[in-house]
Every structure is written in C-alpha cells, then in structure tokens.
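These notes are about the structure you will find just below.
The values are calculated or read from the model by the stated rules, or taken from the named source; none is laboratory data. The shown structure was predicted, so the numbers you read here are calculated from the model rather than taken from an experiment. Cβ placement follows ideal geometry from the backbone for every residue including glycine, while neighbour counts extend to all protein chains displayed. Keep in mind that these areas ignore ligands, DNA and RNA; they rest on the heavy atoms of the full protein, side chains included. Shrake-Rupley method; radii C 1.70, N 1.55, O 1.52, S 1.80 Å.
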Amino acid sequence: MFKKGFTGTQKTKLKSSVQRALRTKITDQFPLLTPHIDELIPKKSQLDLIKAPDRISLYALGTDILFFQHHDDALFPHLRVVHRFPQCFPTLQIDRGAIRFVLSGAQLMCPGLTSPGARLPEREREVKAGTVVAIGAEGKGEACMVGLLKMDTEAIKSVNKGVGVETVHYLGDGLWRLDVD
Amino acid sequence: MADNNNNEEAGAAAPQEPQARIVLYCGVCTLPPEYCEFGSSAKKCKEWLEENHPDLVASVYNTEAVEAAMSHLTVDALARAEKAEQAAEKKAIKETAKAERELAKKLSSKIVLKRVERAKRKHVIVVTGLEAFGLDLKKVAKDFGKKFACGSSVTKGAAAGQDEIVVQGDLSDDILEYIEEKYPEVPVDNIEQVEEKKKKKSEGP
C-alpha cells in the first residue's frame, strides 16, 4: 500500500463527532486496546486527518500517525502504535529468512509462517481471515509489519501455500518514512 | 540498564502503570535497531548504536542467536540464504555509493538568483537550483510570497527544462538572506547572484 513514498497533502482537523466514532471503531476492532485508548488518544485531544493518495486516510495526533484506513475498510494501526502496545494486537511470527522480503514489501507467504522459526496461534485461538494482524519476527522483539490475514491461521497450517498475509504497512515503507509537520 | 533491555526484548514485560512502551529507534535508518541489519545502511547504524547506546549493542548484534537460527536450516536452504545475503550486501554497497553520489551532487550544485529586467526599472528574481536540496518548490515559492509580500510562482521547465521560482520584485539580496536563515541545509557559498544583461548593451568597458 505504501511501497512508494508519498507526500501527505493538507492536514485537516477532525470533527469531534467523527473522532468519537473513530474511537468506538478502534475499540470495536481491537478490543484489547480498550484499556489503553485514553492513553493513546486522550479525551480532550484533537486528531488530524491527512489525506493520502488512493483514498487512504491517515489519522494523526500531533506529529504521530496513529491509524490509517483505505476508504472505509478496516483500520490499521501504525507500526509505532504496535510497538507501544504490542500486546493489544493479534500477532503472528515469521522466520528469520522472511524478514528481508517483508522489509522490501513482499506479500507474506505461508511457508514463512509455518517453518520452525515462525509461530502461529494455537487451534483454540485461531485468527480468522480478514483480521488485521501484526507480524513479529524470529529473534526480534518488535513487530516489523502490519497486514491483513488472507487465510484462517488453521488453513495456513494445513494448506501451507500461497499468500498468507497481505502486506499493508512495514518498517521503512512510505508511511513509516512519512514526515508529518 | 541491562535489566531494562531484557524487559524491552521480552516485549510483554512492560510495567503496568503507564502502559505504552517507549521504543528506541535508530538515528540513522529510523527502524528499531534490531532491524538495522536489513537496511541499506547497516554499518552506519551499528556505529550510531555504539556511540549512543553502547549498552544495547550486545543484545542487538547477537551473532550467536543468528547462528543458532541458521543451524536448524537444511544445507539447501543455507546455500540459498547465503546467496540472498550476498545479494543484499551488494545492494547495500550500491545504496551507499548512491547516497554518496547524491551528497556530492548536493554539495556541488549551485543556486542561482538571477535578476531579470521586466519593464523599465522593474525587476523579477528568478531562483533556480533549489530542488537539488530536497525542497518543495511550490512551498518555497509560497513562503517567498508571504515573506516579501509579492507575487511568487513556480515555472515548470522554463530554461533547459529546469523548474524555477519567479519572485516579482527586486529582492535578490533579501532572498539570499532569507534562504540563508530559513534553510540551513543550503550552503551559502553555493548561492550565486547574477544579473541578466540586456542584449543591446555590449559587454566590456
């Protein structure tokens, strides 16, 4: 989504009603984030909306982008948010060999998620397709990518072929490097 | 400090009260330091970390863990990994060379403030060469207009395909001063003031 760099156009203040709706949407989508929402978006704060190409909206607080979404799709957290609250997002882990490809923006293939160095949630805590997930990496503490799960995690284990997670935002991409002034 | 690192590495072991973790980012490539090795400026990143956070170097550049991870790969995969590693190295060298070239270009590129006569005793200043310093011409033009209360516009591909800013008013010296003050990344010595002579006037004494 952000493989190419881009320059954000104008920044507009978010209406308070829209901001309230956004808050509920965030807590709906990431229930684990509910206890921290006041820390992430303080009650009296003023969020900004930055419009990016291809109908992508970025929601920023001051100079930090917190969330972004395409048109009216699911909200994705910025990686810095994931780094701050890693326990609030469902996380998968990839093996070491896949890191390089992820950091150059490749789609995440199943074998990178099923090899010995990788980790998927157990059967009872299966994550369904269409969920927004954070991707960690073998031997690393921080997440390196935010993506959209394309297959149920159980299906990834059994099929083990094709695209498992669609890359949306990764370390060092256009959004990561975007400078908000 | 060492204990803190361990907490940071463990991720979930963050303290309970102010919940957000503070993550350190590399000053060179802006990634978390543990991902520096995959960037194009790995060497510089390491130097930066050694200088600014010497206590972290050992945990981030932990070769033992890497080797342990490599050991459970098959021979075939190992060979492939090595190949990829080499390719990445080559790429890194290329990138650094490119960055150096760009820097050299930046240092050698000139900014020209040209004074052009429009009507009798009326002048405009044509500024060229600012884009080499990564400045957004449109924004700069707007700033000039605001600062000097005059018309200021960007002409795309005017002379020799170069974009230029046209400032209406005889402001050559003021612009020079303003650039010097507002954009410290532009070396002052590279700014040149010239005057376009009318064709009628002949050169020389």
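With Cβ to Cβ distances under 14 Å as the rule, what net charge do the other residues near B:Leu103 carry (K, R +1; D, E -1)?
On the way: positive: B:Lys44, B:Lys98, B:Arg101, B:Lys105, B:Lys106; negative: B:Glu95, B:Glu100, B:Glu102, B:Glu185.
Overall, the nearby charge balance is +1.
Whole-Hz ³J(HN,Hα) for each residue in the stretch A:23-37, computed from phi via Karplus 6.51 cos²θ - 1.76 cosθ + 1.60 with θ = phi - 60°, x for glycine and proline: what do you get?
Going residue by residue, I get 4, 5, 5, 4, 5, 5, 6, 10, x, 5, 7, 3, x, 9, 4 Hz, with x marking Gly and Pro.
Determine ³J(HN,Hα), in whole Hz, for all residues of the stretch A:116-124 in sequence, where each value follows from phi through the Karplus function 6.51 cos²θ - 1.76 cosθ + 1.60 and θ = phi - 60°; x replaces Gly and Pro.
Once rounded to whole Hz, the list reads x, x, 8, 9, 10, x, 6, 4, 5.
If you add up the charges near B:Lys156, with Lys and Arg at +1 and Asp and Glu at -1, over every other residue whose beta carbon is less than 14 angstrom from its beta carbon, what do you get? Intermediate results must be reported in sequence, preceding the final value.
On the way: positive: B:Lys138; negative: B:Glu131, B:Asp136, B:Asp163, B:Glu164.
With Lys, Arg at +1 and Asp, Glu at -1, the neighbours total -3.
The stretch A:1-40: which residues show an accessible-area loss of 20 Å² or more, assembly versus chain alone, 1.4 Å probe?
So the qualifying set is A:His36, A:Glu39.
Quick one: with all protein chains in place, what share of the accessible area of the protein assembly as shown is carbon or sulfur, to the nearest percent (1.4 Å probe)?
Values: 11830 of 22750 Å².
Carbon with sulfur: 52 percent of the solvent-accessible area.
Okay, helix-only estimate at 222 nm for chain A: each DSSP H run of n ≥ 4 adds -39500 (n - 2.57), divide by all residues, round to 500 deg cm²/dmol; what do you get?
Calculated at 222 nm, the ellipticity per residue is -6500 deg cm²/dmol.
Based on DSSP, what percent of beta bridges with both residues in the stretch A:86-170 are antiparallel, to the nearest 5? Present the calculation step by step, with values, prior to reporting the outcome.
Working: 12 of 16 bridges.
Bridges in the stretch A:86-170 are about 75 percent antiparallel.
Give A:Lys4/A:Lys140; A:Lys3/B:Lys106; B:Lys138/B:Lys182; B:Lys146/B:Lys182; B:Lys43/B:Lys90; B:Lys120/B:Lys156 a once-over and call out the pairs whose C-alpha atoms are over 18 Å from each other.
Numbers: A:Lys4/A:Lys140 25 Å; A:Lys3/B:Lys106 26 Å; B:Lys138/B:Lys182 15 Å; B:Lys146/B:Lys182 13 Å; B:Lys43/B:Lys90 13 Å; B:Lys120/B:Lys156 26 Å.
Beyond 18 Å: A:Lys4/A:Lys140; A:Lys3/B:Lys106; B:Lys120/B:Lys156.
Report the gain in length on full extension from B:Asp170 to B:Lys146: 0.36 nm times residue separation, minus Cα-Cα distance, nm rounded to one decimal. The partial results should precede the final answer.
Details: separation 24, 0.36 × 24 = 8.64 nm, distance 1.53 nm.
So the extension gain works out to 7.1 nm.
Students often forget the sequence filter, so: which lysines lie under 17 Å Cα-Cα from A:Lys44 once same-chain residues fewer than 8 apart are removed?
A:Lys13, A:Lys15
Once the dipole of the protein assembly as shown is set up with Lys and Arg at +1 and Asp and Glu at -1 on Cβ about the Cα centre, which of B:Ser40, A:Leu178, B:Ala149 lies farthest towards its positive end?
Of the listed residues, the answer is B:Ala149.
Quick one: 3J(HN,Hα) in Hz for the stretch A:130-136, Karplus 6.51/-1.76/1.60 with θ = phi - 60°, rounded, Gly and Pro as x.
Each residue's phi maps through the Karplus curve to give x, 8, 7, 10, 9, 10, x Hz.
Using only protein heavy atoms and a 1.4 Å probe, how much accessible area in total is buried between A and B, to the nearest 100 Å²?
Numbers: alone 9660 and 15230 Å², together 22750 Å².
Separately minus together, A and B give about 2100 Å² buried.
Quick one: which residues, 5+ away or cross-chain, put their amide H under 5 Å from the amide H of A:Leu47? H built at 1.01 Å from N.
Residues meeting the amide H criterion: A:Leu14.
For the stretch A:1-42, list residues with backbone N below 13 Å from a point placed 7 Å from the Cα of A:Gln87 toward its Cβ?
Only A:32-36 pass the distance filter.
Taking 0.36 nm per residue of separation and subtracting the Cα-Cα distance, what length does fully extending B:Ser109 through B:Leu78 add? Working shown, then result.
Numbers: separation 31, 0.36 × 31 = 11.16 nm, distance 4.60 nm.
Between B:Ser109 and B:Leu78, full extension yields an extra 6.6 nm.
How much of the DSSP bridge set in the protein assembly as shown is antiparallel, in percent, rounded to the nearest 5?
On the way: 46 of 55 bridges.
Within the protein assembly as shown, antiparallel bridges account for around 85 percent of the total.
Nearest 5 percent is fine: what portion of the DSSP beta bridges confined to chain A is antiparallel?
Numbers: 30 of 34 bridges.
So the antiparallel bridges amount to about 90 percent of the total.
Taking the solvent-accessible surface of protein heavy atoms with a 1.4 Å probe, what is the per residue accessible area of the protein assembly as shown in Å²? Display every interim value, and only then the final one.
Working: 22750 Å² over 386 residues.
Result: 59 Å² per residue.
What FRET efficiency, computed as 1/(1 + (r/R0)^6) with R0 = 30 Å and r the Cβ-Cβ distance, is obtained for A:Thr24 and A:Asp179, rounded to the nearest 0.05?
0.50
What FRET efficiency comes out for A:Ala129 versus B:Tyr183 if R0 is 41 angstrom and r is the Cβ-Cβ distance? Round to the nearest 0.05. Intermediate results must be reported in sequence, preceding the final value.
Working: r = 49 Å, r/R0 = 1.20.
The computed FRET efficiency comes out at 0.25.
Which far-off residues, 5 or more places away or on another chain, put their amide H under 5 Å from the one on B:Gln193, with H placed in the peptide plane?
Under 5 Å from the amide H of B:Gln193: B:Leu113.
Rounded to whole Å and sorted largest first, what semi-axes of the equivalent ellipsoid does the C-alpha gyration tensor of the protein assembly as shown yield via the square root of 5 times each eigenvalue? Before the final figure, lay out each step's value.
Values: eigenvalues 452, 143, 74 Å².
Equivalent-ellipsoid dimensions as semi-axes: 48, 27, 19 Å.
Report the charge-dipole magnitude of the stretch A:11-83 in Debye, nearest 20, computed about the Cα centre from +1 at each Lys and Arg Cβ and -1 at each Asp and Glu Cβ.
Values: 11 positive and 8 negative charges, 68 e Å.
I would put it at about 320 debye.
Name the long-range amide H neighbours of B:Gly151: under 5 Å, sequence gap of 5 or more, or other chain; modelled H, no Pro or chain starts.
B:Gln168
Which distance in Å, rounded to a whole number, links the C-alpha centroids of the stretch A:42-63 and the stretch B:133-175?
So the separation of the two Cα centres works out to 30 Å.
Could you tally the net charge around A:Trp176, taking each other residue with its Cβ under 13 Å from the Cβ of A:Trp176, Lys/Arg +1 and Asp/Glu -1?
Working: positive: A:Lys3, A:Lys4, A:Arg80, A:Arg177; negative: A:Asp64, A:Glu142, A:Asp173, A:Asp179.
Net local charge, A:Trp176 excluded: 0.
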